[in-house]
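The values are calculated or read from the model by the stated rules, or taken from the named source; none is laboratory data. This structure is a prediction, so every number in the text was calculated from the model and none was measured. Because the Cβ atoms are built from the backbone with ideal geometry, glycine has one as well, and the counts that use them run over all protein chains shown.
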Amino acid sequence: MTKALLLPTSRAKAILKKLEWHDPWYLISSVARTGLDQLMTDIQLAFEAQKEREEQALALAAVNSEEDL
């Protein structure tokens, strides 16, 4: 959610509860630069985790390929 300066955290939580939202969420303000550091950190961690999963899948595929020879 954006516009943190206009939306109190309690109201954001109420909206998310009504939506039955269970995934991570961020209340950010571009103007005040609040919430952005955590959002950027979590995005970077997600990219790194995805890269690790892809590397593991490639390694497993290579092992399986060698076993087929």
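Tabulated results
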{"item": "Candidate set: segment 14-51, residues that are among the β-branched types (Val, Ile, Thr) and farther than 15 Å from LYS3 by Cα; chosen: the one farthest from the chain's Cα centre (by Cα)", "result": "THR41"}
{"item": "Number of the condition not met by GLU67 [criteria: (1) out of contact with any helix residue (DSSP H, G or I) (no Cβ under 9 Å at 6 or more places or on another chain); (2) surrounded by 10 or more Cβ atoms within 10 Å (Cβ to Cβ); (3) of a type outside the set (Lys, Arg)]", "result": "(2)"}
{"item": "Tally, over segment 28-69, of residues that are of a type in the set (Gly, Ala, Ser), touching a residue at least 12 places away in the same chain (Cβ under 8 Å) and at negative phi", "result": "3"}
{"item": "ALA4 being assigned to a helix (DSSP H, G or I), surrounded by 13 or more Cβ atoms within 10 Å (Cβ to Cβ) and modelled with pLDDT under 95", "result": "no"}
